[in-house]
1. How many residues are more than 18 Å from residue 228 (Cβ to Cβ) and either modelled with pLDDT under 95 or in contact with a helix residue (DSSP H, G or I) (Cβ under 9 Å, 6 or more places away or on another chain) (or both) if we restrict to the stretch 160-180?
2. Here are some residues: 217, 190. Which one is surrounded by fewer than 22 Cβ atoms within 10 Å (Cβ to Cβ) and over 24 Å from residue 91 (Cα atoms)?
3. Quick one: residue 128 ticks every box in (1) surrounded by 15 or more Cβ atoms within 10 Å (Cβ to Cβ); (2) within 22 Å of the chain's Cα centre (by Cα); (3) not in a loop (DSSP other than H, G, I, E, B) bar one, so which box is it?
4. Do any strands (runs of 3 or more DSSP E) entirely within the stretch 270-383 hold 3 or more residues that are assigned by TED's automatic domain parsing to the domain that holds residue 168 and more than 23 Å from the chain's Cα centre (by Cα), and if so, which?
5. When you check residue 177 against the structure, is it on the phi > 0 side of the Ramachandran plot and surrounded by 19 or more Cβ atoms within 10 Å (Cβ to Cβ), yes or no?
6. Kindly indicate which of 153, 184 is part of a helix (DSSP H, G or I) and out of contact with any strand residue (DSSP E or B) (no Cβ under 6 Å at 6 or more places or on another chain).
7. Taking the stretch 244-257 as the search range and keeping residues that are more than 18 Å from the chain's Cα centre (by Cα) and outside any strand (DSSP E or B), which one is surrounded by the most Cβ atoms within 10 Å (Cβ to Cβ)?
């Protein structure tokens, strides 16, 4: 076996997502398994170069994981010809300009979403990357989760017949920060810093719907801020200027309707933090992050509405667990491996910056729909 090193500048790796999912559970996990076998006698060895603003934090991470390279000088890292890939997990407001610099430096691009703060900027990134001839990808992790992979298996097998509707519930209670610390950083609740649940979650819903059920053709949303005051990391109160809940209805190509509620001000009364129920003429399924349960037409009960007598059956017990039938890897790691194969072998890949722009478009239209109180068409994007 020949080992080939690919050096990856990881910007924003001191943040929760950049550190846990992308560094530890993806690239370091690939190294722990001996690298990525490309199938041609070559093993690809990812070499992270940690990038951020706080030297002491980067140094501590590097020492913890036995890494040799970190820097607070993004421009110097991008000027290094040995760097092959630029990865961005910064706050959204800083992402667009950093990716532009990386494209200009000829680096392949892999980035978290949203890719930009507006559609115009997201499309510009896609155009610039195509013009520069660099490979580019956007993290779309949820379609690689076990629950949704099982759901995709049902779809591909024709289990549902004609799909009629999709209902999604996402969210949990994020503490305000006064009497218990918040589970999310305070910038998430300040619009001026790029926060808001619509810009965070609608890009996810776009690719989940697009990949599994069909392109989103219309959106109608109601967006609100349920908790107007929160407390930051230093215990100081601040005005929550960004939305913390969004209720959306999406008409999909082919006629199915999706309704997805997203909220950081909801207490969980479901099996997982996100669940999608899919109903079709031949069967239904409920998928979460890991589990997927199904009910076929032939096993569907025949309930009768009668509020005067107590229920004698448990509806949940009438659903069948969809088996794993395979071992599922971490979703972030699985997509990283596909992107690395794309860079090294030009393997098929379609989760590019244009796909990322669709997510930014849906978020932008969702906010506009709520502000104007009407349903909006979602035009097809092209470069």
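1. 6
2. Answer to the selection: 217.
3. Against the list (1) surrounded by 15 or more Cβ atoms within 10 Å (Cβ to Cβ); (2) within 22 Å of the chain's Cα centre (by Cα); (3) not in a loop (DSSP other than H, G, I, E, B), residue 128 comes up short only on (2).
4. 292-296
5. In short, yes.
6. On the way: 184 fails: part of a helix (DSSP H, G or I).
Only one candidate qualifies: 153.
7. Ranking the candidates gives 256 first.
The values are calculated or read from the model by the stated rules, or taken from the named source; none is laboratory data. Note that the coordinates shown come from a computational prediction; the quantities given were computed from them, not determined experimentally. Heads up, the Cβs are rebuilt from the backbone with ideal geometry, glycines too, and the neighbour counts pull from every protein chain shown.
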